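The values are calculated or read from the model by the stated rules, or taken from the named source; none is laboratory data. Just so it is clear, the structure is predicted and the values come from calculations on it, not from any experiment. Neighbour counts run over all protein chains shown; Cβ positions are idealised from the backbone, glycine included. Please note that ligands, DNA and RNA were not included when accessible areas were found on the heavy atoms of the full protein model with its side chains. Shrake-Rupley method; radii C 1.70, N 1.55, O 1.52, S 1.80 Å.
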Amino acid sequence: MDLTYVYAVGDAAPPDLAGLTGIGGRPVHTVTGGDALWAATGTVPESDFGESALTARLEDLTWLATTAREHHAVVDALGARTVVAPLALATVYRDDDRVRAVLTERRTAFAEVLDRLRGRTEWGVKAYATTRPEGRDAGRASSGAEYLRRRRRELDRVAGDDDAAHAAAQRLHEAAARAAVTTRRHRLHAPALTGRTEPMVLNGAYLVDDADRDTWRAAVTGAADGAGLTVEVTGPWVPYSFVEEER
């Protein structure tokens, strides 16, 4: 048996979805309801997306990565054509009729989200502390006490560098936030996830008016210059981080 998978919700005229495929290579189609609302949907097997099966599937990192990639590809394709409110990964309903009912039940909430996202896109800023070569005192320590003093100096230097990097990241975030509509601070990732040796000190998302994107980018570039950080700016993206109001 198949379930209905929902990728995103929109309120303008639905775009042409001919040839667009999603999870498992299955075609994407629209379900309308809630006045002018529509949902981009597809079918998925209950054997993978039923409640009990999904719990186990989400522990399979290979399956999860493939599913997330297919989900985001659909949302990105939709976002390139019209404003949409992306739904969370693995949002499934029993059938299309239930999707229509949800669009009607939540039409006010969906309309508010779409109004908030219209004419705006998400940009990301990631910053990493620039690591400096480890300072070492010349020569061998003459005693255990001397070794401990040197070790303490090195630990203090590292702590000072860390404090300075976080302070610089905060200034960078504040500059990016001032030029944006709103912002989110995401969890910092460990080097095992980033693939970098430098520690991450900022992982921010910024909702920016499309008309102001050049101003925003200039503000970020100006704040990053001389900050002593390695800075990555990404975007524009469909505003995944701003579907829900900040609490």
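Here are a few things to note about the model shown:
- Computed from point charges on the beta carbon alone (+1 for Lys and Arg, -1 for Asp and Glu), the dipole magnitude for the chain about its Cα centre is near 1080 Debye.
- The orientation-averaged projected area of the convex hull spanned by the Cα atoms of the range 68-131 comes to 6.7 nm².
- A Cβ-based charge dipole, computed about the Cα centre of the range 1-142 with Lys and Arg at +1 and Asp and Glu at -1, lands at about 660 debye.
- Per residue, the accessible area of the chain comes to 55 Å² when a 1.4 Å probe rolls over the protein heavy atoms.
- Computed 3J(HN,Hα) for the range 90-107, one whole-Hz value per residue from the Karplus formula 6.51 cos²θ - 1.76 cosθ + 1.60 where θ = phi - 60°, is 6, 8, 10, 10, 4, 6, 5, 4, 5, 4, 4, 5, 5, 4, 6, 5, 10, 4, glycine and proline marked x.
- Each of His189, Val208, Gly34 was placed along the dipole of the chain (beta-carbon charges, centred on the mean Cα), and the one lying farthest toward the positive end is His189.
- Pairwise FRET efficiency - Val233 versus Arg106, Cβ, R0 = 35 Å, nearest 0.05: 0.55
- Extension gain (nm, one decimal) between Ala18 and Ala56, 0.36 nm per residue minus Cα-Cα: 10.4 nm
- Each of Ala56, Ala218, Leu87 was scored by the projection of its Cα onto the charge dipole of the chain, and the greatest displacement toward the positive side belongs to Ala218; charges sit on the C-beta of Lys, Arg, Asp and Glu.
- Between the range 9-36 and the range 184-238, the Cα center-to-center distance that results, in Å: 32
- Inter-label distance, Arg196 to Ala36: 4.2 nm, where each label sits 7 Å from its Cα along the C-beta direction.
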